[in-house]
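Q: Let me begin by handing over the structure; questions about it come next.
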Amino acid sequence: MVDYCIHICKNSRLPETDPNYCDKVFIEEDRENAQDYPSSQIYCPECVKKGFKNKHRKKLTEEQRKEIGKRLRQARKQKNGL
Ligand SMILES: [Zn+2]
């Protein structure tokens, strides 16, 4: 289960006079488990296109791993059933 939350572009942390300043608000998966709201941990899709790179995501939790494993097994089962 993935949570979605409101993010504000990380470039909103820049001074407004900065040419890269961006305060675009967008909805993204809450992969960072953000504490602040709206989260400004990641760049908006437009800034990513401009070349800003979001840092690598946290590793999957044990729970997420199990969930993925479960889905894979289900998908395989369905495939075998055909
Ligand atoms: Zn942006």
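The values are calculated or read from the model by the stated rules, or taken from the named source; none is laboratory data. All figures in this text were calculated on a predicted structure; none of them were measured in a lab. In this analysis, Cβ positions are derived from the backbone assuming ideal geometry, glycine residues included, and neighbour counts consider all displayed protein chains.
Q: When only residues in region 39-57 that are modelled with pLDDT of 70 or more and more than 11 Å from LYS10 (Cβ to Cβ) count, which is farthest from the ligand (Cβ to nearest atom)?
A: GLY51
Q: Shifting gears a bit: So which of ALA34, ALA75 ends up being among the small types (Gly, Ala, Ser) and modelled with pLDDT of 85 or more?
A: That would be ALA75, the only listed residue that is among the small types (Gly, Ala, Ser) and modelled with pLDDT of 85 or more.
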